[in-house]
Amino acid sequence: MISVNDFKKLCDVIYRRSGISLDIKRYTPLKPKIEKLMQEFGYNDFRSFFHDYRFDKNKDLKQELLNLITINETYFYRENYQFEALVNDVLYKIAKNRNKGDIIRILCAPSSTGEEPYSVVLSLIDEGNFINEWDVEVVGIDIDSNVIEKAKKGIYSKRSIQYIPKHLLEQFFIKKGETYEIADMLKNVVDFKVMNVMDKFAMKKLGKFDVIFSRNMLIYFDDESRRKVALTFYEMLKPKGVVFLGHAESMSRIVSVYKTATSGKVIYYVKD
């Protein structure tokens with residue numbers, strides 16, 4: 001039902017809405033998935049499907065298509081050296097520029113199924129000292145509503161939890177058959193929301209943050225979209241706030257407004 005030209009037209013609209021740039025190489029794996037989605041929503045031809053998606057005739061269709069194209073492969077303590085730098089060094093540097101009583105706010109964008117924001121919370125608990133002195137709020141956002149629901153439920157596979165320190169796994173997870181459910185007290189710590197990072201006005205409504213984790217998301221955007229998101233993050237940061245990117249990403253190649261800083265071998269980016 002979907003030709004290569006149809007796919008290109010669809011990709012153009014997806015890009016304008018989400019900033020996600022889909023390569024033509026994804027046509028073959030995505031074609032059957034999109035056609036299945038069309039059937040589930042009762043479309044027999046691409047033209048009517050595309051019309052309704054383009055003109056926002058069906059909000060559920062819009063969200064399900066975004067869910068289908070996004071990649072959400074993650075696990076707890078991924079690139080753990082960044083969490084270690086955060087809780088042992090970076091947060092203490094940030095706190096020097098804050099007043100007692102301020103809430104330290106951390107944003108994970110994207111949050112996927114929740115492993116990253118929960119890893120932040122677990123790292124803070126394990127370090128112990130910082131959360132005894134400061135109130136910390138963690139927010140996780142993702143464009144995919146399915147992964148946000150999974151994050152709120154907090155149920156994970158053995159593969160996902162394999163790098164969690166044993167004492168934290170035993171204390172904060174309940175084993176249920178082949179899965180592990182995170183404790184309710186931790187579920188209540190993270191505020192998960194469905195959000196499109198390209199929607200600047202919705203993003204700014206989240207408020208100001210001290211730390212933004214945005215790892216391995218910008219690689220799916222083109223240069224212009226990366227620049228827009230990087231500048232949105234900059235506006236959302238408090239003075240001396242920081243951004244962590246994935247190991248293959250570099251803010252200095254995107255915009256020049258951030259100052260590059262290091263904690264040991266960990267590179268991060270500061271709003272000066």
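The values are calculated or read from the model by the stated rules, or taken from the named source; none is laboratory data. Not measured: the values here are computed from a predicted model. Don't worry about glycine lacking a Cβ; one is built from the backbone with ideal geometry, like all the others, and counts go over all protein chains shown. Each accessible area value is taken on the protein alone, full model and side chains, heavy atoms only, with ligands, DNA and RNA left out. Shrake-Rupley method; radii C 1.70, N 1.55, O 1.52, S 1.80 Å.
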Item checked: Residue list for the stretch 1-13, filter: surrounded by fewer than 18 Cβ atoms within 10 Å (Cβ to Cβ) and within 20 Å of residue 144 (Cβ to Cβ) -> 13
Check: Which pairs do you get when a residue that is in contact (Cβ under 8 Å) with a residue 60 or more places away in the chain, found in the stretch 245-267, comes within reach of a residue that is charged (D, E, K, R) and not in a loop (DSSP other than H, G, I, E, B), reach meaning Cβ atoms under 7 angstrom, with the pair 6+ apart or on two chains?
Finding: 263/89
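Name the strands (runs of 3 or more DSSP E) wholly inside the stretch 158-272 in which the number of residues that are open to solvent by 20 Å² or more (accessible area, probe 1.4 Å) is 1 or more. Give the derivation first.
Values: elements: 173-176, 179-182, 190-194, 209-214, 237-245, 258-263, 266-271.
The qualifying strands (runs of 3 or more DSSP E) are 173-176, 179-182, 190-194, 237-245, 258-263, 266-271.
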Next item on the list: For the stretch 47-80, name all the residues that are under 15 Å from residue 37 (Cα atoms) and among the basic types (Lys, Arg).
Entry: 47, 59, 62
Item checked: Unmet criterion (only one of (1) touching a helix residue (DSSP H, G or I) at 6+ places or on another chain (Cβ under 9 Å); (2) farther than 25 Å from residue 125 by Cα; (3) among the aliphatic types (A, V, I, L, M)) for residue 202 -> (1)
Margin query: For the condition surrounded by fewer than 18 Cβ atoms within 10 Å (Cβ to Cβ), closer than 25 Å to residue 194 by Cβ and either at pLDDT 95 or above or out of contact with any His (no Cβ under 6 Å at 6 or more places or on another chain) (or both), what is the one hit in 143, 103, 148, 131?
Written below: 103
